[in-house]
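The values are calculated or read from the model by the stated rules, or taken from the named source; none is laboratory data. Only a predicted model underlies this, so the values are computations on that prediction, with no experimental measurement involved. Here Cβ is always computed from backbone atoms with ideal geometry, including for glycine, and neighbour counts include all displayed protein chains.
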Amino acid sequence: MATQPLPIAPVPLTVEQAEAMSQRQIKKHHVAIMLLHWFNAAVWLFELATGTALIASPYFRVMPYWYINMMTTLFGSRANMLHFHIAVGILWVVVFLVYGIFGFRTYLARQILGKEIALDRDDFRWLSIRALRILKKSDEPLPPQDSYNAGQKLFALLVYAMIPIIMITGLIMAFHLVSTAVVGWAVVLHFTAVGLVVSGLMIHVYMGAVFPEEKPAFFSMITGMVSELYAYRHHFKWWKEVKMQEEAWTHQFQGGSGSTGVASPPLGESAIPSVAPEKAEAKRGSPGMFRRIFRSPEYWPPYVAGVGLGLTLLATFVLMGQGLGASGAFTRYLVAILAWVAPHYTFHSSYWSNYIQPGQSPLIAFLTFEIFGAMLGGFVSGWLAGRLRITVDKGPRISRRTRYALAIAGGILTGYGARLARGCTSGLGLSGGAVLAFGAWVFMLGVFAAGFGGAWLMRRYWL
Amino acid sequence: MARYAMVTDLRKCVGCQACTVACNSEWAVPTGFARTHVHPTGVAGTFPHLVSSFYIAQCNHCDHPACIEPCPTGATYQSADGIVHIDRDLCIGCGYCVEACPYDARYINPVIKKADKCDFCWPRVQKGLEPACVLTCTAHAKFFGDLEDQNSDVFKMVYEQGARRLETSEVSIGPNVYYLGKKEDVDLVFASFPPHRPRLLRAGEVWRRYLRPLVLGAIGATFLGQAIAFFHQLRVGEDEFEE
Amino acid sequence: MSAPYFQTFSLTTYLAVSLLLGFFFGFFLERAGFSSAHKLTAQFYFKDFAVLKVMFTAIVVAMLGIAYLSLVGWLDMGQVFVPPTYLWPQLVGGLLLGAGFIVGGYCPGTSAVAVAIGKIDALLFALGILMGIFLFGVTAPRITSFNLSGYLGNLTIPTWLNLNIGIVVLAVVVLAMVAFWAAEKSEGPWKVFARLYGKPSKGDERR
């Protein structure tokens, strides 16, 4: 095999070829893109639901009054609904900014966009034939398509053009920016841009959710994979590229083709470009999303974990009126022990008695339960990642005993410092930092200064 | 239900601006703006038949307000007692209502960046107090009350003494600030400060003429297109992509 | 009804919510790798700035959320606890905690999480914390004047600088971005670690 040249257009497949190809999965979407897609979908759902209900004036109104009233009742007041609309919108802007900044080279660089959304001649022909075929006015075969077909490209172009307009005009309206005249224009531009996206969105949703031939495209947004047969039939150009990369890979490492098996239409060896093997590797299948996110032994990227921690902190402020903490919990545990061992001393100490209220254990408090929860959370996370192990974390040059002594010494310094500062890295640094408390930032300055300074002195013990 | 109105007795008004000051301090109106302001007409007529009077600019709480329709968010609304309110939580400061008001009673408050205007001192009225301007009027020229209460001052002035609304044949939206006085005084005020037709911001004009048809056309076309496709799908049956 | 909500909770709800919030706290700390003293201290050797990145990201996210929610009136800042400033004890406390951090390898919150996944050194560190706190409780009456020095009330940075809160929030975001940039550069192209400490000794690469 592998003697025929590369087919220019899809050739008819034998039944057994088609059968085998339908079994093989090709990776179509990266997890990040799928998450972004569904995040975006949720945002559009929420924003359209509230946005259309917010437009109440006879002049601009698009939805019937019963809908507007229903939504208003749902949110309690129109002001709440507007705040929700703005909050979701801002979250959307922030997420897309992060995507744009960190994903620029991967997703938004010119050559990648050019390939994913620029229309070529095949695409224009595809559009007209597609329309005719839906109307059953033509039997002409569809021209081969890239990883996104011409319709998807058109929609992407529309969305890429409109999203910045929606975001900027939204921010202008939300915060009454620039001037009254600008806000006045922002209103109509916001409506127009959203309206145009909605017109495309209707087709997008219809194609994805209702149109039978594109079902695999819908599922690829959930699993990240499409069957090779679908890729072959609907995205032939893209299929060809993937195949060529695979071929190049096997060619380089096994001295010939073979992994593509019987079922794939043959590819000419002359068509094999020199592709780096890692790239082909990247196209290969990957474990499920849950496994990858929660079961992988890799730590999460710090920014992702940071956002999670930040949202937890925000929720804590909203629910409890204070931030997260740790040293306060340790203090309460200690007071509970002291009160049990030496009640008279504890109750009459000017310091410990601060933590004791008559008739209540010092353990009945937010912090003590929170730290207990933190240990549970840490345990679950470590268990999922396979990190549960009785071990000692130490530098390579020191003995365990040295490490134990250092741990206790460090703990004493930390405990003393935390009480003196009235909080630790979490309770003062993180929580105080988020409410911009002056002392918290001074404290953090001290922590980092001592940390970086002490690191030099401690290098023998850690490196 | 009440139907609130205000009457200015031009026979008594001396144009002292005490009402303006009271209103500005009551509602923290930024310098250079006013919810109510007294405009002198200047002197008209020929000696010895000279006429001079005052126009009180403020929200008229019209029966058919021109400011509600263009407000995109519904921040401007009219309660059943006729008072036109602005919900500050909803206002985005777009200025459509400012442009629409035939009496130029609205302004964009530069501090809060939202529309603002007279609300007949609704928070005071709720507590049973008179509006600040009425209370403070040095000449007792301003009256506030319920037109559906036959014993109120305003009822008598409007229905028995013939107080008039500032309307023209072009702009007749039922303002609820009335003027009482000698016919030549009232005529002079009406001639000097006629209401203008409700205006629309250029942005709104463009929306109505070009953008709205564009959006509706696009949505309509795609809807039609996929409706046709969907009926075809129903008619010929689904040919599911075979795996 | 505006936040915070803790006054509306029954005791059981209050403690359950505490537990749940703590669960996520610990979960994200562990996910970030803060259950490892090696990962935590790598920060101070310019090898891995995860501590800085996670903390600053969390502060920025929470700060933006709090600023926004209080701006729209959902969160009543009058009921939110703002840690009071005691300038000198907090500076010295920070230095002591930083020293304890680099000596012992953890801070209080992270040691709890590290104990949960079985780190013996973290357990000893936690015991050390209890001892340190005990020491403080015993010595507190003797250092009262220092312990209370530099008291500035619930001072926040916007009040201190007499600036609009929006400007301070923006400044913190910019500061965070600069810090992230510098952290990425320090880990990578600037080779700060190699310049300061030379090559890592053998066996260092294992966790």
Members of region A:59-107 found to be among the basic types (K, R) and assigned to a loop (DSSP other than H, G, I, E, B), listed by number
A:R61
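Can C:F46 be described as more than 7 Å from chain A (Cβ to nearest Cβ) and either modelled with pLDDT under 90 or out of contact with any helix residue (DSSP H, G or I) (no Cβ under 7 Å at 6 or more places or on another chain) (or both)? Before you say what the answer is, go through the steps one by one.
Values: more than 7 Å from chain A (Cβ to nearest Cβ): yes; either modelled with pLDDT under 90 or out of contact with any helix residue (DSSP H, G or I) (no Cβ under 7 Å at 6 or more places or on another chain) (or both): yes.
Against the criterion (more than 7 Å from chain A (Cβ to nearest Cβ) and either modelled with pLDDT under 90 or out of contact with any helix residue (DSSP H, G or I) (no Cβ under 7 Å at 6 or more places or on another chain) (or both)), C:F46 qualifies.
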Which ones in region A:221-233 are surrounded by fewer than 21 Cβ atoms within 10 Å (Cβ to Cβ) and in a helix (DSSP H, G or I)?
A:M221, A:I222, A:T223
Among the helices (runs of 4 or more DSSP H) contained in region A:312-394, which hold 1 or more residues that are among the aliphatic types (A, V, I, L, M)?
A:327-341, A:366-384
May I ask you to verify whether A:A9 is of a type in the set (A, V, I, L, M, F, W, C), touching a Ser or Thr at 6+ places or on another chain (Cβ under 9 Å) and either outside any helix (DSSP H, G or I) or modelled with pLDDT under 85 (or both)?
no
In region A:71-95, what residues are closer than 21 Å to B:I68 by Cα and either touching a residue at least 12 places away in the same chain (Cβ under 8 Å) or in contact with a Ser or Thr (Cβ under 7 Å, 6 or more places away or on another chain) (or both)?
A:M71, A:T72, A:R78, A:M81, A:L82
Are there any pairs, at least 6 apart or on different chains, whose C-beta atoms fall under 6 Å, with the first in region A:48-63 and outside the structural domain of A:G170 (by TED's automatic domain parsing) and the second surrounded by fewer than 18 Cβ atoms within 10 Å (Cβ to Cβ) and of a type in the set (V, I, T), and if so, which?
none
Please name all residue pairs, on different chains or six or more residues apart, with Cβ atoms under 6 Å, provided the first residue is in region B:21-48 and is within 27 Å of B:A115 (Cα to Cα) and the second residue is modelled with pLDDT under 90 and in a loop (DSSP other than H, G, I, E, B).
B:P30/B:P110; B:P30/B:V111
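Determine whether A:R130 is at pLDDT 75 or above and either surrounded by fewer than 14 Cβ atoms within 10 Å (Cβ to Cβ) or under 24 Å from the mean Cα position of the chain (by Cα) (or both).
On the way: at pLDDT 75 or above: yes; either surrounded by fewer than 14 Cβ atoms within 10 Å (Cβ to Cβ) or under 24 Å from the mean Cα position of the chain (by Cα) (or both): no.
Judged against the criteria, A:R130 is not a match.
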(1) in contact with a strand residue (DSSP E or B) (Cβ under 9 Å, 6 or more places away or on another chain); (2) free of Cβ contacts under 8 Å to residues at least 60 places away in the same chain: which one isn't true of C:L124, the others all being true?
(1)
Take C:F180 and decide whether it is within 30 Å of A:I408 (Cα to Cα) and among the hydrophobic types (A, V, I, L, M, F, W, C).
no
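When residues of region A:390-428 are filtered for being more than 7 Å from chain C (Cβ to nearest Cβ) and of a type outside the set (V, I, T), how many remain?
Of region A:390-428, the ones more than 7 Å from chain C (Cβ to nearest Cβ) are A:395, A:398-402, A:405, A:427.
Those still in the list that are of a type outside the set (V, I, T) too: A:395, A:399-401, A:405, A:427.
Of the residues in that region, 6 qualify.
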Which listed residue is in contact with a Leu (Cβ under 7 Å, 6 or more places away or on another chain), farther than 17 Å from B:C67 by Cα and touching a residue at least 60 places away in the same chain (Cβ under 8 Å), from B:L188, B:L180:
B:L180
Could you tell me whether region C:152-169 includes any residue that is in a helix (DSSP H, G or I), at pLDDT 85 or above and closer than 19 Å to A:T425 by Cα?
yes
List every residue pair whose Cβ atoms lie under 9 Å apart, where the two residues are 6 or more positions apart in sequence or sit on different chains, the first residue falls within region A:227-239 and is away from chain B (no Cβ under 13 Å), and the second residue, located anywhere, is of a type in the set (G, A, S) and assigned to a helix (DSSP H, G or I).
A:W238/A:A231; A:W239/A:A231
